[in-house]
Amino acid sequence: MDELSRLLSVARGDTQADLVLTGGRIVNTFTAEIEQADIAIAGTRIAGIGHGYEGSHRIDLNGAFIAPGLIDAHVHIESSLCVPSQFASAVVPRGITTVVADPHEIANVAGPAGVRFMADAAAGLPLEVILMAPSCVPATPMATGGGTINANTLRDLRSSGIARGLGEVMNFPGVIAADPDMLDKIAVMTGLPVDGHCPGVTGARLNAYVAAGIGSDHESVSPAEAREKLARGMYLLIREATNAPNLDALLPVVTPANARRVCFCTDDRTPLDLLRSGSIDDMVRRAIERGIDPIEAIRMATLNTAEWFGLRHLGAIAPGRAANMFVFDDLMRPQAKMVFSRGRLVASDSALTGQHDVPANQNPIGRCDVNWPNVRWDIPARGTRMRVIGSLPDQLVTEHCVMPATATVDRVEADIPRDLLKMIVIERHGKTGGSGVGFVQGFGLRRGAIAGTVAHDHHNLIALGADDLSMQSAARAAASLGGGLAVAVGETIIAHLALPVGGLMSDRPLAEVATGYQNVVAAARELGSPYKDPFMAMSFMALEVIPALKLTDQGLVDVEQFKIVDLFV
């Protein structure tokens with residue numbers, strides 16, 4: 001008997017199920033009701049909902065609630081600083097059984113080899129990883145990355161089944177201006193979901209962006225922006241990332257009339273946040289606390305996301321759907337006590353159960369190849385006023401400030417009393433050997449420096465600090481690890497974390513990585529930074545697709561003009 005025939009036989013009650021879950025209260029995401037019934041499972045799928053089913057195994061849920069496994073609508077696994085198997089160990093016990101992942105971080109380091117690495121590394125896990133093809137690798141021509149993905153590469157990723165859609169289209173100016181390269185990439189994915197990324201885009205420009213075929217956005221930070229994007233037909237992906245917590249600001253947008261077009265995503269969460277707060281489960285609980293109906297909150301984390309991405313096998317407890325579910329006791333505060341993935345009990349009491357097939361992780365092609373003699377740390381004084389990146393707490397956007405330069409003889413230096421730190425981005429992929437220098441305000445370091453190879457999206461070597469010697473020490477330490485993070489005061493390295501997988505991830509246990517990350521964050525805060533996570537904040541100072549001013553290895557980027565500008569005004 002083939003798989004489908006057996007599924008139907010179990011559904012009819014003619015054949016025993018592999019597993020029957022009895023005594024549970026089912027959260028029905030179709031009707032927004034609680035249904036008391038048994039669940040019969042055949043293989044990896046749900047065969048039937050009802051009573052009277054027999055199974056070779058039975059689990060009595062004793063009146064607990066059971067809901068579809070939660071889905072993260074947009075995440076970069078690389079931001080957990082762990083390979084997929086370790087990421088899964090953190091999120092699956094919390095009830096997250098699927099993530100829609102955009103591997104554009106590793107793709108910017110290793111190109112299509114990085115995407116295939118993530119697909120191979122996710123195979124066999126109790127977490128279903130839906131990969132979207134990175135759309136902007138490199139993000140723009142104004143930074144030097146390690147890999148390239150063009151329309152032909154996207155066609156290969158689609159035909160091989162690796163890619164299930166097009167990842168966030170960050171080059172929104174290119175789309176709006178009908179750039180042929182961007183339109184070719186979108187055309188390759190015709191018929192599949194195309195995720196958006198358009199911070200601050202409104203009015204006629206938003207009309208053009210949506211008309212190109214882009215169907216979602218996770219970059220809204222204000223209710224007005226979110227409402228306009230919903231009104232233009234986009235799915236609103238509410239984000240709660242480590243450095244971009246938008247949940248509280250955007251929940252007032254959700255109404256009974258538009259809730260079915262809203263999903264939850266984490267985008268970028270560090271290992272510390274994953275272990276302390278969780279993932280999508282944390283967003284569901286907080287949404288309920290702030291007045292969202294609990295079934296609606298669960299639906300935003302399940303069925304809505306499944307429908308946007310065309311994942312018809314997910315999002316609900318229903319015949320034929322994947323047997324991905326989580327069990328919890330309190331509807332007002334869902335906290336997983338059992339998790340099922342593909343019909344198997346994979347987590348219980350906040351920990352994975354049993355053995356899971358984890359492929360051997362092969363380090364993808366990635367380099368930390370810095371041409372140190374070419375790196376220039378000093379900044380000749382060519383003017384009295386300069387452009388400064390204004391960093392904002394808990395925001396990816398920055399301010400474009402113009403401030404007086406602080407010069408010593410003929411060089412411009414950091415100015416600690418004004419919280420002006422020097423910043424450098426050094427190309428580390430063995431291509432140009434170039435570097436860009438500038439200044440940033442808001443990090444609060446009183447001494448020393450921090451550095452790392454996590455610098456969205458090109459992931460070059462980035463450092464910022466109060467003096468050149470500390471910056472050089474931290475940058476060299478991060479590079480010597482084969483990629484990683486480092487904190488230095490003068491020539492002394494006071495904390496570091498190795499990320500040898502592409503300079504972005506570790507294959508060590510997540511708890512170990514979290515401890516290492518906690519140490520470097522604590523060290524950065526001891527140097528004076530008021531930020532909850534100075535390293536995450538620093539990594540986005542180099543992302544030249546989010547306004548207003550950023551720094552890459554090629555120089556300062558005015559994102560609103562979408563061009564490189566001089567440091568001096």
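The values are calculated or read from the model by the stated rules, or taken from the named source; none is laboratory data. Predicted, not measured: the structure shown is a model, and the values here were computed from it. Neighbour counts run over all protein chains shown; Cβ positions are idealised from the backbone, glycine included. These accessible areas exclude ligands, DNA and RNA; they are computed on the full protein's heavy atoms, side chains included. Shrake-Rupley method; radii C 1.70, N 1.55, O 1.52, S 1.80 Å.
Computed with a 1.4 Å probe over protein heavy atoms only, the accessible surface of the chain comes to 35 Å² per residue.
With respect to the chain, whose longest principal axis is taken over its alpha-carbon atoms, helix 112-122 is tilted by about 40°. The distance linking region 102-135 with region 1-70 is 32 Å (Cα centroid to Cα centroid, whole angstrom). The Cα trace of region 465-569 gives Rg and Dmax of 15.2, 48 Å, the first to one decimal, the second as a whole number.
A simple spin-label model places the labels of L4 and E512 4.6 nm from each other, with each point 7 Å out along Cα-to-Cβ. If you bin all the Cα-Cα distances of region 49-128 at 10 Å, starting from zero, the percentages per bin are 16, 40, 22, 15, 8, 1. Past the 26 Å Cα-Cα mark, which pairs from K422/K532; K229/K337; K422/K563? Over 26 Å apart, Cα to Cα: K229/K337.
Specify the angular offset, from 0 to 90 degrees and rounded to the nearest 10, of the alpha carbon long axis of helix 3-12 from the longest principal axis of the alpha carbons in the chain. The two axes meet at around 50 degrees. Taking Cα atoms only, the orientation of helix 510-526 departs from the longest principal axis of the chain by about 30 degrees. Remark: spin-label model distance A113-Q16 equals 5.1 nm, labels positioned 7 Å along the Cα→Cβ axis. Site pair H57 and A351 shows an inter-label distance of 1.9 nm when each label is modelled 7 Å from Cα along Cα→Cβ. From helices alone, the chain scores -7000 deg cm²/dmol at 222 nm; the rule is -39500 (n - 2.57) for each run of n ≥ 4 DSSP H residues, then divide by the residue total. Taking the DSSP bridge list for the chain and keeping only pairs wholly inside it, about 75 percent are antiparallel. Under the shape rule built on the C-alpha gyration tensor, where the axes satisfy a ≥ b ≥ c, region 98-214 is prolate, since a/c reaches at least 1.5 and a/b is greater than b/c. Summarised in one figure, the compactness ratio Rg/Rh of region 160-233, Cα atoms and Kirkwood Rh, is 0.97.
Would you please classify the overall shape of region 1-158 from the alpha carbon gyration tensor, given that a ≥ b ≥ c denote the square roots of the eigenvalues, rounded means a/c under 1.5, and beyond that prolate means a/b larger than b/c while oblate covers the rest? Since a/c reaches 1.5 and a/b is larger than b/c, the shape of region 1-158 is classed as prolate.
Here region 360-504 is treated with +1 on each Lys and Arg Cβ and -1 on each Asp and Glu Cβ, and its dipole about the Cα centre works out to around 180 debye. Charged side chains reduced to their Cβ positions (Lys and Arg at +1, Asp and Glu at -1) give the chain a dipole of some 200 debye around its Cα centre. A cut-off under 12 angstrom between Cβ atoms defines the neighbours of A414, and their net charge, with Lys, Arg +1 and Asp, Glu -1, is -1. Taking the centroid of alpha carbons for each part, region 178-247 and region 495-569 are 24 Å apart.
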